[in-house]
Amino acid sequence: MDFLQFLGDNLQTFLTYTSFANITLGHVVMILVGLVFIYLAIAKEFEPMLLIPIGFGILIGNIPFKDAGLQLGIYEQGSVLNILYQGVTSGWYPPLIFLGIGAMTDFSALISNPKLMLIGAAAQFGIFGAYVIALSMGFEPNQAGAIGIIGGADGPTAIFLSSKLAPNLMGAIAISAYSYMALVPVIQPPIMRLLTNKKDRLIRMKSPRVVSQTEKIMFPIFGLLLTCFLVPSGLPLLGMLFFGNLLKESGVTRRLAETARGPLIDTITILLGITVGASTQATQFLTWDSVKIFGLGALSFVIATAAGVLFVKFFNVFLKQGNKINPLIGNAGVSAVPDSARISQILGLEYDSSNYLLMHAMGPNVAGVIGSAVAAGVLLGFLG
Amino acid sequence: MLMFAAASVQAQRTTSLKINEILVINNKNFVDDYGQVHPWIEIYNSSPGTVNIAGCYLTSDLSNPKQYMVPKGDVKTIIPPRQHVLFWADNMPSRGTFHINFTLDSIKQNFIALFDSDGRTLIDSVTVPAGQRADVSYGLIEDGWTLKNLREAQKTLTSYKNVTELWMYFDDHNNDGRYVTPSSNNKILDTNEKIENFKDNDKFGIGMTITAMGVVFLALILLYLAFKQIGNIAINLSHKRAKSTGLSHEEATGMVEQSGEVYAAIAMAIYEVTELHDEEHTILTIKEKSKQYSPWSSKIYTLRQIPQK
C-alpha cells in the first residue's frame, strides 16, 4: 500500500512539472504567434530564413515549466539557451551578421551612382519619426531610441542597439523589426502608390556604369574611415560590414569571404533567430509595452518608406532631365535588403513592363544599411 | 616592434590606475577583516580592461618609491574594469596583501604615490591636505577623473559648470549626495545624466531628430563626395585607356550598353539555373538500377563528367 502511495505521490509531483500544469493564456497566445510566423515563412515565403528560426524559437521559449532551478529557461543563468542568448545580450551576434552581409553585398550600384546614398539617409527619418512618437507615448529617451531603430528595417542593428539602450524591450523590438521586414511586400506598395503619380513611376534611369575593382576595394576602406571617424559608436556594425566587403572585393581572400557570407552568417542567423524567438517568454514578453512597440514599429516602416519616396521627388526638382530618379526606388532606402529593392522592381514593372529598377534600387538599399548603422551609432552615442 | 607594442599596452594598462579616495582618520568608518579601523587608500582601474596591480609600489615618500610592493601571486590584485581595490595604511603588512607597511599622518599633509613595477615610472600621486576630519574622506570628484575629464564635462554638463577642484571631501553627514564610499564609486549614479539631459531639454525629440539626421546625412554626403571624385577619376582613366587602344569607352570596358530586356533575360536565366531544384528538393526517390553492380561505391557516380568542347 505504501508503495502505491509512493507511486501516486511521484506521479502527482511529476504532473506539476509538466507544461499542462503550468500553462497560462499568455503561453497559448505566444505559441499561436510562433505558429503564425512558421506559417508565414513556409506558406507565404515571407523571410523564411528569419521567421522559421524565430517562430520555432517562440515555441521553445513558451513551453511552460515549473521554476525548479533546473536551468531550462533562456533567462536562467547558465542554462544552454541562456548561454546561446549571450550573443544577443552582449551584442556580438549582430556584428557577425554584418560581417556576412558585407561579404555578400555588391556595392557597385551605389558606387556607380553615389547620389543614391542620400536616399538611404532620408529613409532613416523612419527611425526618428518613431522616436518622436514613442517619446510622446511616455517611453524614456533610451527606450524611444531603441524602439525607433525598428524603422531602420535592420534586424541585427535593432538587436544591437536595444541590447545596449533598453535590454528589457529587446525581445519585442527584435520580433517587431523582423516581422515588419517580412511584411515589407505588404506595407510598402500602398504608400509608394499613394505618394507617386503616373509620370513619376515611368521615369527611366540611366544604366549604372561599370565599376572597376579598384573602386570596389576603395569603398569599404573609405566607407569605414569616413563613417566611423564621424560616428565611432557605430564601429562594431560598420567595422564588420566594411571588413566583410573588403574580404569580398579584395579578390585574394575568397575563402574568408565565402565563410563569412556562408557558414558563418548561417550559423549566427540560426543562433540569433532561435534565441530571439525563445526570449519571448510570455511572462516577460506579453506586456502593454510590447503592443505599443508593435504599433510603433509599423508606423516607423510607414514613415521610412514615405520619407524615402518623398525625398526622391524633392531631389528630382534639382536634377536635370535624364538624370532624374524614379521615386519608386525611394522605399529601398530602408535597409531590408533585398526585399525593399525587389518591391521597387515589381512596382516599376507593373507600370512599365520594360523598366527594370532592381539594380538602381540596390543602391539606396545598401546605403540604408550604412545609414541605419550610423543612426544606431548616433543614438548609442547620445543615449548610451 | 611587437615587443614594443606589447610593452606599451602593459604600460598603458597600469597607467590607467588612479588613486581615487583616501580616508586619513578612520574612527567609526570602514572596518577591515580583523575588525579594526585604519586609514585606507582606494585605487581605481579607470580602463575598460582588467589590470593587475601586483608588482606596483605604493609610497608616502617620493625619495623611496619602492616603499611597499604589492605582492604578486594574489588573484585579488587583479582589478576588474572600472573597479576598485582598497589598501589599509596600518603599517601591518603581515596581515596580507592589502595591508601596507606605512600609515598616514592624521595631523600633517600626506603624500601618496603609486609607482609602476619598475619602481621609477610614477603612475599617480596625490597630496592630501593637513587637518583632515575624522571619517571624512578625500577623493576624486568622479572615479578616475583627470583635469581633462573635468574640463570636457564642464562643456556639456551643467552640474559641473562651477566646479574648480578635481578633489573634494566626502562626508556622510552632509546631505549633498556625496558619501564616504570605500571600494565603490565616488559618485553614486541613480540616473543617466545624458538621458536626463534629453528629457529636460528635448521633450518632443525634435533636437535629437535634427542632430541625428544631420549626422546620418553628413556621413553619407561624405561618402557621396568621396565616391563622386573617385568615380570621376575612374571614368577619366578608362577613357584614356580606351583612347590609347582606339576603341570606344564602352567597347574598351567590354560593357556595351544593353536594353533592359537583355538584362532581364540574363537575370531570368540565372534564376532558372540556380533555383532548379526548388520543386523536387524534398522528394526522395529510389529508382531501380538495371546494372548488376551496386552504384553505391562506384566512383563513376561521384565524379562529374568531363565537359565536351
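The values are calculated or read from the model by the stated rules, or taken from the named source; none is laboratory data. Since the model is a prediction, treat every value here as computed from it, not as a measurement. For neighbour counting, all protein chains shown are included, and Cβ atoms are generated from backbone atoms with ideal geometry for every residue, glycine included. Ligands, DNA and RNA are stripped out before the accessible areas are found, and what is left, the full protein with its side chains, is counted by its heavy atoms. Shrake-Rupley method; radii C 1.70, N 1.55, O 1.52, S 1.80 Å.
Okay, here's what the table says:
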item: Helices (runs of 4 or more DSSP H) wholly inside the stretch A:130-234 containing at least 2 residues that are within 11 Å of another protein chain (Cβ to nearest Cβ) and of a type outside the set (Asp, Glu); result: A:141-148, A:213-230
item: Condition met for A:Ala376 (open to solvent by less than 10 Å² (accessible area, probe 1.4 Å), under 30 Å from B:Ile195 (Cβ atoms) and not in a helix (DSSP H, G or I)); result: no
item: Meets criteria (over 26 Å from A:Phe139 (Cβ atoms), within 13 Å of chain B (Cβ to nearest Cβ) and either within 19 Å of the chain's Cα centre (by Cα) or in contact (Cβ under 8 Å) with a residue 24 or more places away in the chain (or both)) for A:Asn355; result: yes
item: Residues (touching a residue at least 60 places away in the same chain (Cβ under 8 Å) and polar (S, T, N, Q)) located in the stretch A:317-343; result: A:Asn323, A:Asn326, A:Asn331, A:Ser335, A:Ser340
item: Some residue of the stretch A:252-261 being out of contact with any Cys (no Cβ under 9 Å at 6 or more places or on another chain), open to solvent by less than 50 Å² (accessible area, probe 1.4 Å) and in a helix (DSSP H, G or I); result: yes
item: B:Ile100 vs. criteria within 24 Å of the chain's Cα centre (by Cα), in the same structural domain as B:Asp172 (by TED's automatic domain parsing) and surrounded by 20 or more Cβ atoms within 10 Å (Cβ to Cβ); result: no
item: Condition broken by A:Ala68, with the remaining ones in (1) in a loop (DSSP other than H, G, I, E, B); (2) touching a residue at least 60 places away in the same chain (Cβ under 8 Å) satisfied; result: (2)
item: Residue that is within 24 Å of the chain's Cα centre (by Cα) and buried (at least 23 other Cβ atoms within 10 Å of the Cβ), where the choices are A:Gly348, A:Gly384, A:Gly371; result: A:Gly371
item: Flag for A:Glu76 being buried (at least 21 other Cβ atoms within 10 Å of the Cβ) and in contact with a helix residue (DSSP H, G or I) (Cβ under 8 Å, 6 or more places away or on another chain); result: no
item: Residue count, the stretch A:22-43 (criterion: among the hydroxyl-bearing types (Ser, Thr, Tyr) and either outside any helix (DSSP H, G or I) or at positive phi (or both)); result: 1
item: Test: residue in the stretch B:209-221 that is polar (S, T, N, Q) and at the interface with chain A (Cβ under 9 Å from one of its Cβ atoms); result: yes
item: Neighbours by Cβ (under 6 Å, 6+ apart or cross-chain): first from the stretch A:86-98, within 17 Å of A:Ala146 (Cα to Cα); second among the polar types (S, T, N, Q); result: A:Val88/A:Thr275; A:Thr89/A:Ser163; A:Gly91/A:Ser163
item: Qualifying residue in the stretch A:49-60 (condition: more than 18 Å from A:Ile270 (Cα to Cα) and in a helix (DSSP H, G or I)); result: no
item: For B:Phe204: the one exception among (1) at the interface with chain A (Cβ under 7 Å from one of its Cβ atoms); (2) buried (at least 16 other Cβ atoms within 10 Å of the Cβ); (3) modelled with pLDDT of 85 or more; result: (2)
item: Unique match (being open to solvent by 20 Å² or more (accessible area, probe 1.4 Å), in contact with a helix residue (DSSP H, G or I) (Cβ under 6 Å, 6 or more places away or on another chain) and part of a helix (DSSP H, G or I)) among A:Phe301, A:Phe294; result: A:Phe294
item: Scan of the stretch A:73-91 for residues that are under 15 Å from the mean Cα position of the chain (by Cα) and among the aromatic types (Phe, Trp, Tyr), ordered by number; result: none
